[in-house]
Amino acid sequence: MNDPMTEQTTHVLDDALSGQPHRIVERDGVRYTLLGTAHVSLASVAAVQRAIGSGRYDAVAVELDAQRLQALSDPDALARLDLVQVIRKGRVALFAANL
């Protein structure tokens with residue numbers, strides 16, 4: 001017998017991952033869904049929200065690069081930032097991407 005709730009959440013999850021870079025892998029009896037994202041992409045944000053909202057996951061993990069972790073860990077860092085140095089070192093694009 002098919003569970004209508006399982007079928008419904010599977011459909012929502014399939015819709016969430018449609019068109020997004022993803023891979024489903026299994027290791028040691030545990031199924032993992034890896035979803036490639038870009039923090040500046042509204043489509044990525046929407047895909048993550050839909051996937052998590054499907055209720056199909058026991059846990060969610062997020063990979064952060066060192067700069068993104070720093071930005072989340074120290075929100076006051078932006079106020080202390082020397083914008084002149086950012087410009088001189090040619091890091092304007094990196095700075096803008098982390099806003």
Practice task
Write out, first by first residue and then by second, each pair whose Cβ atoms fall under 7 Å of each other, whose residues are 6+ apart or on separate chains, and whose first residue, in the stretch 73-99, is within 16 Å of HIS39 (Cβ to Cβ) while the second is surrounded by 10 or more Cβ atoms within 10 Å (Cβ to Cβ).
Solution key: PHE95/VAL86; ALA97/VAL40; ASN98/GLN67; ASN98/ARG68; ASN98/ALA71
Completion exercise
Of (1) outside any helix (DSSP H, G or I); (2) within 30 Å of ALA93 (Cβ to Cβ); (3) at pLDDT 75 or above, ALA51 fails just (1)
Completion exercise
A careful count of residues in the stretch 45-96 that are within 26 Å of ARG23 (Cβ to Cβ) and either in contact with a helix residue (DSSP H, G or I) (Cβ under 9 Å, 6 or more places away or on another chain) or exposed (fewer than 13 other Cβ atoms within 10 Å of the Cβ) (or both) gives 24
Handout entry: Some residue of the stretch 17-34 being touching a helix residue (DSSP H, G or I) at 6+ places or on another chain (Cβ under 6 Å), surrounded by 11 or more Cβ atoms within 10 Å (Cβ to Cβ) and modelled with pLDDT of 80 or more
Key = yes
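The values are calculated or read from the model by the stated rules, or taken from the named source; none is laboratory data. Small disclaimer: the values here were computed from a predicted structure and weren't measured. In this analysis, Cβ positions are derived from the backbone assuming ideal geometry, glycine residues included, and neighbour counts consider all displayed protein chains.
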